[in-house]
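Have a look at the structure below before the remarks.
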Amino acid sequence: MSGQTISPIQLSELIKNGQKVHLIDVRTPLEFREVHATFANNIPLDKLVPSDVAKTRNGSNEPLYLICKSGGRGKQACDKLIAAGQSNVINVEGGTTAWEQAGLPVVRGKKAMSLERQVRIAAGSLVVLGVVLSFLVHPYFIGLSAFIGAGLVFAGITDTCGMGILISKMPWNQVRRSS
């Protein structure tokens, strides 16, 4: 079901050659605010509705490019759109990280802690807490550590992180819209 891919350099060449490019960045608004390709539009993966995307395309079969941080969420977005019947969706290889490394133009905003880093801090803290509580309070608290470990294994296998989804909805990860 996987869609096509394109490198940031190839996409940049299309733009230089005058091709109109519709690029959707599927990262969280906070990640998008920190840095994004100059012409990207932000629709977070959890808010990406294939029927809404289809409406904005007005039946066009022009390529639709998707980008995230490193390519994983972009691939998920491509798969989601393809499963809903969209065609000609293309994932930008390496995401915004590769875009930046290629020296292509970006918009920089306020720096934020990455969602991945927040998940590692939360998971590590919960594992340590479970171990400490199992020694100090009751041995059953080791279940907390086991639960977090199982969640990390599940996230690795499915490439879907429940903790990441939850943390992305926290108030400190929301971008306030200017009035």
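Out of curiosity, is Ile148 farther than 30 Å from Phe39 by Cβ, outside the structural domain of Gly71 (by TED's automatic domain parsing) and touching a residue at least 24 places away in the same chain (Cβ under 8 Å)?
yes
As an exercise: evaluate Thr160 against (1) over 19 Å from the mean Cα position of the chain (by Cα); (2) not aliphatic (A, V, I, L, M); (3) not in a helix (DSSP H, G or I) and give the number of the one condition it does not meet.
The number of the failed condition is (1).
I need a count of the residues in the range 119-148 that are farther than 25 Å from Thr160 by Cβ, surrounded by 11 or more Cβ atoms within 10 Å (Cβ to Cβ) and touching a Ser or Thr at 6+ places or on another chain (Cβ under 8 Å).
4
If you scan the range 1-43, which residues turn out to be part of a loop (DSSP other than H, G, I, E, B) and either farther than 22 Å from Ile82 by Cα or free of Cβ contacts under 8 Å to residues at least 60 places away in the same chain (or both)?
Residues satisfying the conditions are Asn17, Gly18, Gln19, Lys20, Val21, Val26, Thr38, Phe39, Ala40, Ile43.
Does Val106 satisfy being touching a Leu at 6+ places or on another chain (Cβ under 9 Å), aliphatic (A, V, I, L, M) and surrounded by 13 or more Cβ atoms within 10 Å (Cβ to Cβ)? Reasoning before the result, please.
Working: touching a Leu at 6+ places or on another chain (Cβ under 9 Å): no; aliphatic (A, V, I, L, M): yes; surrounded by 13 or more Cβ atoms within 10 Å (Cβ to Cβ): yes.
So Val106 does not fit the description; no.
Answer yes or no as to whether Ala40 is hydrophobic (A, V, I, L, M, F, W, C), touching a strand residue (DSSP E or B) at 6+ places or on another chain (Cβ under 9 Å) and surrounded by fewer than 22 Cβ atoms within 10 Å (Cβ to Cβ).
It is false that Ala40 is hydrophobic (A, V, I, L, M, F, W, C), touching a strand residue (DSSP E or B) at 6+ places or on another chain (Cβ under 9 Å) and surrounded by fewer than 22 Cβ atoms within 10 Å (Cβ to Cβ).
Identify all residues within the range 45-83 that are in contact with a helix residue (DSSP H, G or I) (Cβ under 7 Å, 6 or more places away or on another chain), farther than 22 Å from Val107 by Cα and either of a type in the set (D, E, K, R) or exposed (fewer than 14 other Cβ atoms within 10 Å of the Cβ) (or both); write none if there are none.
Asp46, Lys80
Restricting to the range 46-60, name every residue that is assigned to a helix (DSSP H, G or I) and either under 21 Å from Thr97 (Cβ atoms) or not hydrophobic (A, V, I, L, M, F, W, C) (or both).
Going residue by residue through the range 46-60, those that are assigned to a helix (DSSP H, G or I) are 46-47, 50-57.
Asp46, Lys47, Pro50, Ser51, Asp52, Lys55, Thr56, Arg57, listed by residue number.
The values are calculated or read from the model by the stated rules, or taken from the named source; none is laboratory data. Keep in mind that this is a model prediction, so the values were computed, not measured. Every residue, glycine as well, gets a Cβ built from its backbone with ideal geometry; the counts of neighbours run over all protein chains shown.
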